[in-house]
């Protein structure tokens, strides 16, 4: 809209000289006919009614001066309707987070770049020490209160600087020396954040601070939350509210009031806001935010759909069954890969279509090998031997796993970035050691001195029995099957291998105690190796089993735990350097990291790029603008990165 | 009799104390705590908390305190009549359990009544027409009913309902009534949903009770008092219903005590499969997620119900059979 009206104001003189501008002028003239009759921005009928009744200001006053324009996938939509989704209770709060994708900055649909959202523009200082963030003048919270720099400053002062709410400074906003970075408001719509080191990943970190994982978001409605904070509110009143709610202290109250999935009264900036319900209800309902700051290219305020209903299911299978029966309009989360055939079979009858969004690179079932196993030192030494891991890798019949466990979907590969991603190390690394070659595997194992006993099974070089174990959590669909298939392949190599299916808490506890030999887990962080908790970073917690002792070593500055090998230490060096350099160097470093992953085989990849994690998508046949392909990952908040505010019913 | 009831009631607090200790200890037995399992759940969704966040949460939940302290905190608030707050749901346990318990009891009582209404007549007919075609038919049906796991039956019925009528028969309410306040429309909606799980839950019990009634009645029918009544010319149906049947269903009544907790927990798999908003799935979730205060509270409530159920069945027995006198025992 803005561009069109600018073109119109340049007048007819310029349009003869510049064809593009001329086109714009003609378009503007056409639209001017329309605007003479209607307003430049349009809104949903349910909001127009409220405006007519005088309960809501007109749409021009609700939108910022420069609204975000979201390009729909297929075309301009129409208003109305309800999208029904399923969720599994209060622990499933990220179901909302992913849908809302209410962050300061967002990722593009293909996950390749960071794009404006609440922050309309941002730029670093020359030395990458200082970041300047520009907000949208005129933008409002969902209760109509102006959205200004206060939103960020309140989070900074009330949350980050408060030791009770934030006992230790989160890494993403810490200086190199561990202290809190400096944040200040230049004016109402400009915020500056200053670090004591060149910090190039800051904008990316901002995309993650949307209140996911039931944390407080980096933009908070201070005008509402101040009353629950002793630095601003009335201490007696706060004490009364704490005891009335049966809580222990004010921090619990503040969290409960500040987390949107717990408290429908908290103002928000998302396209839909909770309506008289929370994530612990049987139906969690969201209604359109009348102040949502985004429009489509035709000037229609988004979202198109009026209401979102999350229906509670105690059991994931019951949720899948409801999807098969066509009772859910858009469901990706909790749909199980194993149900894919049943879903396709009933699609026409129940009035939905099934699309698949592959995982964002990495691997959907990698065999992670403990590099620091200490319970049996001789076995530990063997596991840390790269040749042994190569033998394991080429001893796995991946085609069988792909067919039997992944329904023939996905690609056989090592846990490296996706081929379309700039971090991809090349085919020679992605497919390294993935060929099924039991003959060579046996040669390697023989060479390592693992003699076969009378029963055909191998022993350790000392003659002690050799017993491997794969610990597996039935977290995602087919992991126990993958473990069984791998174990039988290993048995063919003469390696006795047990599969232990464990409840996830037990598995996590044993992992932390460094009691596991091997585990099946995925590598879903290969597109984001420098932020969050990358699986390949030995310091991540929870991550995988491959270097638990070194995690302690890093956490205690070398006092306890085990010093990492040069290769593992190199991973940490790469990650630390990447945080401080520009994009080109980051890509070089990421590719080096990916080559190291494929070379060292700490996690032996089987199959990747399947729709295993929330990638089987059931969509109402009449729901439009749902992209056929979306970068699918938690840091991208899928399906939020598909821009649900543009979905509409035909 | 009054003394007997009072005596029984007097030991309830002691039993509850023991139950509370056992329940709490059992819930604490698996490795980790609520946060470990919460972190594991988040990791499953692809996300993770950093150590600073985990520490803050552990402190907030009071999980950094010793276990005995956590126990006394819980019991202390229970004594004050406060059922505490669920770690996972962040709501008061009373609120969470309240309506679910009501629905569970409605479902349980309904399926119990269904069971008795179907099982006792079948038992009587089978016994009085022993070795007839009807008896054989019921016998076969009974064994099939007894041998079919109820969750299997639920799954089959759900699939049939979807395949034939294109509807999913999960839950106890239509989505529009799930959250609504109680009204006639909501009650009617509940009634239109509750019959299927009621039957599913009742089928195995029906088969069992029908067999028990049949066997007991067969014993009674040949006894001298029955012959006597017959000799005096009492119509057969009147005779059967008035005397032997009363004796025959006594064991059925005495099973009431364990029937209630069995239905509460036995209905668990069915409730999970059919996504029923009852207490069973809530307890399962609380146990898996190590939401110890919620799980402990539900288990305590189950214990209270079992104690009450046993008491009620004892009293009913005394009423039903005048030969049983509590004071003499």
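Peptide A:306-314 has a mean shielding of 4, counted as Cβ atoms of other protein chains within 10 Å of each residue's Cβ. Could you tell me how many degrees, from 0 to 90 and to the nearest 10, lie between the Cα long axis of helix A:566-578 and the main elongation axis, the longest principal axis, of the Cα atoms of chain A? Taking the Cα atoms of chain A, the angle to A:566-578 is about 10 degrees. By the beta-carbon count within 10 Å of each Cβ, the least crowded to most crowded order of B:274, B:158, fewest first, is B:158, B:274.
Label-to-label distance for residue A:186 and residue A:231 is 2.4 nm, based on points extended 7 Å past Cα in the beta-carbon direction.
Multiply the residue gap between residue A:78 and residue A:420 by 0.36 nm, knock off their C-alpha separation, and tell me the result in nm, one decimal place.
Result for the pair: 119.8 nm of gain on full extension.
Taking N as the number of residues in region B:102-171, what is its Cα Rg relative to 2.2 N^0.38 Å? Normalised Rg, Cα atoms only: 1.41.
Structural descriptor for chain A: relative contact order 19 percent, calculated from alpha carbon pairs under 8 angstrom and at least 6 residues apart.
Projected label points at residue A:121 and residue B:133, each 7 Å from Cα along the beta carbon direction, are separated by 9.2 nanometres.
In the frame of its principal axes, region A:56-144 has Cα extents of 48, 37, 30 Å, reported largest first. Annotation: peptides A:542-548, A:473-479, ranked by per-residue average of other Cβ atoms within 10 Å with the highest first, follow the order A:542-548, A:473-479. Run the numbers on chain B and let me know its relative contact order in percent, using alpha-carbon pairs under 8 Å that are six or more apart. Relative CO of chain B lands at 28 percent. Take the Cα of residue B:117, step 7 Å toward its Cβ, do the same at residue B:147, and the gap between the two points is 2.9 nm.
For the peptide B:164-176, the mean number of other protein chain Cβ atoms found within 10 angstrom of a residue's Cβ is 4.
Measuring r between the beta carbons of residue B:159 and residue A:400 and using R0 = 25 Å, the FRET efficiency lands at 0.25. Computed from the Cβ-Cβ distance with R0 of 60 Å, the FRET efficiency linking residue B:232 to residue B:176 stands at 0.45. Legend: mean number of C-beta atoms from other chains within 10 angstrom of residue C-beta atoms, peptide A:528-536, equals 1. Helix content alone sets the calculated 222 nm mean residue ellipticity of chain B: runs of n ≥ 4 DSSP H residues at -39500 (n - 2.57) each, divided across all residues, give -24500 deg cm²/dmol.
Across region A:503-575, the volume of the C-alpha convex hull divided among the residues equals 97 Å³ per residue. Taking the longest Cα principal axis of chain B as reference, the axis of helix B:279-288 is set at about 40 degrees.
Counting other Cβ atoms within 10 Å as a rough exposure proxy, the listed residues A:243, A:550 run A:243, A:550 from fewest neighbours to most. Residues A:102, A:127 in ascending order of nearby Cβ atoms (within 10 Å, fewest first): A:127, A:102. Computed over all pairs of different Cα atoms, the Kirkwood value for the hydrodynamic radius of the protein assembly as shown is 31.9 Å. Compared with the alpha-carbon gap, the fully stretched path from residue B:7 to residue B:219 is longer by 72.8 nm at 0.36 nm per residue.
Which FRET efficiency value, to the nearest 0.05, is calculated for residue A:194 and residue A:52 with the Förster distance at 41 angstrom and r the Cβ-Cβ distance? Given R0 = 41 Å and the Cβ-Cβ separation, E is 0.30.
Dividing the mean sequence gap of close Cα pairs (under 8 Å, 6+ apart) by how many residues region B:1-94 holds gives a relative contact order of 15 percent. The Cα center of region B:63-99 and the Cα center of region A:199-248 differ in position by 24 Å. Over the residues of chain A, the helix contribution to mean residue ellipticity at 222 nm works out to -9000 deg cm²/dmol, using -39500 (n - 2.57) for each DSSP H run of at least 4. Distance from the Cα centroid of region B:175-228 to that of region A:634-650 is 48 Å (rounded to whole angstrom).
The long axis of helix A:479-492 is offset from the longest Cα principal axis of chain A by roughly 20 degrees. Whole-percent P(r), region A:443-548, all Cα pairs, 5 Å bins from 0: 2, 12, 18, 18, 17, 15, 11, 5, 1, 0, 0.
Read-outs throughout are calculated quantities, based only on the coordinates presented, and are distinct from any laboratory measurement. Everything numeric here is computed off the predicted structure, so don't read it as measured data. Here Cβ is always computed from backbone atoms with ideal geometry, including for glycine, and neighbour counts include all displayed protein chains.
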